[in-house]
Amino acid sequence: MTPQQMAAALVPPPQFTDASFDSYRPDPDYDSQASVRDAVAAFVAAGPTEAPRRGLFGRKKQSAEPAAKSGVYLDGGFGVGKTHLLAAAYHAATGRKTFGTFIEYTALVGALGFQGTVDLLRGTALVCIDEFELDDPGDTMVMTRLIKELTETGTRFAATSNTPPGALGEGRFAAQDFLREIQAMSDRFDTMRIDGLDYRRRAVDESAQVVSDVPAALPSGTVTLDDFGAVVAHLGSVHPSKYVALVEDLDAVGLTDVRAFTDQTDALRWVALVDRLYDAQVRIVASGTPLDQVYPDVMLEGGYRKKYLRAASRVVALTRA
């Protein structure tokens, strides 16, 4: 994928093409879902902020009014509709706007350089960041710098994550090493908590579907058929930012002999692929270990637990599509 293709792909995935605040269905048992929907809609309706004015010698002019937050940050478990609301914000916003996952933006920096990415996004009214993650402190520092540079020119942000800004990196590495960067980002966002259950599992069995004959079970259309271990090995040779190209135009993927992970790096790469499969709504037909049971307890007890559980939820839906 060229940098131009990567930039052009910064739009909501196909399943959220028509997402709106009206089509979001809040769970009546959790009041926060409706209240956050209304708050995000109000944030978008307020329109773009004015870039800070500067004084004669470059210093920002002080205002008697408290500075408005330049972004909203939706925190909550998986399956409560955060991405739907993020896509609804994108569609409702006026002016230039972008929508991408955390990894897509950091990959863009890798392709264009930091200043090149700032130049590309400068003037954007709303930048939507889905699945704000902290797998690498360097990536987080790049993203906080990017947010700082763009907010100072009037760009606003909407982001989602399973972890509030102040807890990013918790359980993964020494978060205190870059606490200042995390706090700087947190200060720019209004954090909104969404409670609720995973909607994908409200009406389906708790486990991913397994078949005995993958080729026979594959639907018609454009499909693939691979050994699960071979796919995992191949993912190690492709940057996760380009996984979107691996699943482009596919109707289904067939995976034989699925087995549990023994290496966390492999498991995280698989999670990244699941996210792209889910975005594109590509059906999965698999044999072997159920795909929601491929993470051993030692992994589920670590700092990436929420990522693994999100992926497990998504493969349950994709294997039962």
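The values are calculated or read from the model by the stated rules, or taken from the named source; none is laboratory data. Owing to the predicted nature of the structure, the values given are computational and were not obtained by experimental measurement. Neighbour counts run over all protein chains shown; Cβ positions are idealised from the backbone, glycine included. Calculation scope for accessible area: heavy atoms of the full protein, side chains included, ligands and nucleic acids excluded. Shrake-Rupley method; radii C 1.70, N 1.55, O 1.52, S 1.80 Å.
The fraction of accessible area contributed by carbon and sulfur in region 228-321 is 48 percent, rounded to a whole number (1.4 Å probe; ligands and nucleic acids excluded).
The mean accessible area for residues of region 238-312, using a 1.4 Å probe and ignoring ligands and nucleic acids, is 41 Å² per residue. Report, ordered by chain and residue number, the aspartates and glutamates lying within cross-link reach of Lys69, taken as a straight Cα distance under 18 Å and ignoring same-chain residues fewer than 8 apart. Straight-line reach from Lys69, under 18 Å: Asp38, Glu50, Glu149, Glu152, Glu181, Asp187, Asp190. The residues neighbouring Gly196, those whose beta-carbon lies less than 9 Å from its own, together hold a net charge of -4 under the Lys/Arg +1, Asp/Glu -1 convention.
What does the highest-first list of 285-297, 72-84 look like by mean Cβ count within 10 Å?
Values: 285-297: 18.9, 72-84: 22.2.
Ranking, from highest mean packing down: 72-84, 285-297.
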